[in-house]
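Undergrad: One structure, as structure tokens, below. Some questions next.
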Amino acid sequence: MGLDLHYFWSLTPKQYAKHCKAYLKKDEQNARLQDRLNYVLGKYIGFAVNNPKEYPQKPALDIVEEQKEQPPQTADDMEKIARLNTLFMGGVINDSRRVTSTDNG
């Protein structure tokens, strides 16, 4: 647990129980992290063995960081992407944005 010997013997049972609880919580967090890392490693091995052409060129976290560094999309950029997705999926675009003047004044 990383307690100094003199500090350990100066603890009350209640204080020691708190240290134990904190240590177990930290140990559980480390186990969860290790499990996630093992899962990612398994994914990488699966790509390498079953489909080497699809194996990522960069680690997944590097790709996520690159995506965070990109400037935010403008409304026009998002609309262009939505239109392309609609056309790609076989949809039809009704351009109802065009407003015609009905005022004869």
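Undergrad: Magnitude of the Cβ-charge dipole of region 5-72, K/R +1 and D/E -1, about the Cα centre, nearest 20 debye?
TA: Around 460 debye, computed over region 5-72.
Undergrad: If you build a Gaussian network model of the chain, linking Cα atoms that sit under 10 Å apart, which residue out of Glu66, Glu79, Glu54 swings the most?
TA: Glu79
Undergrad: Does anyone have the angle between helix 75-88 and the longest principal axis of the chain? Alpha-carbon axes, 0 to 90°, nearest 10?
TA: 80 degrees
Undergrad: Quick one: how many lysine pairs does the chain have with C-alpha atoms less than 23 Å apart and a gap of 8 or more or different chains? Give me the count, please.
TA: 8
Undergrad: Quick one: angle between helix 13-50 and the longest Cα principal axis of the chain, in degrees between 0 and 90, rounded to 10, please.
TA: Roughly 50 degrees between the two axes.
Undergrad: Can I ask one more? In deg cm²/dmol, rounded to 500, what helix-only [θ] at 222 nm does the chain give when every DSSP H run of at least 4 residues adds -39500 (n - 2.57) and the total is split over its residues?
TA: Result for the chain: -21500 deg cm²/dmol, rounded to the nearest 500.
Undergrad: Please state the equivalent ellipsoid semi-axes for region 17-88: what are the square roots of 5 times the Cα gyration tensor eigenvalues, largest first, in whole Å?
TA: 38, 22, 11
Undergrad: Using the alpha-carbon atoms, what tilt in degrees (0 to 90, nearest 10) does helix 60-69 show relative to the longest principal axis of the chain?
TA: For 60-69 against the chain, the angle is about 60 degrees.
Each reported figure results from applying straightforward, stated rules to the coordinates on display, with no laboratory input. Only a predicted model underlies this, so the values are computations on that prediction, with no experimental measurement involved. FYI the Cβ positions are ideal-geometry reconstructions off the backbone, even for glycines, and counts take in every protein chain you see.
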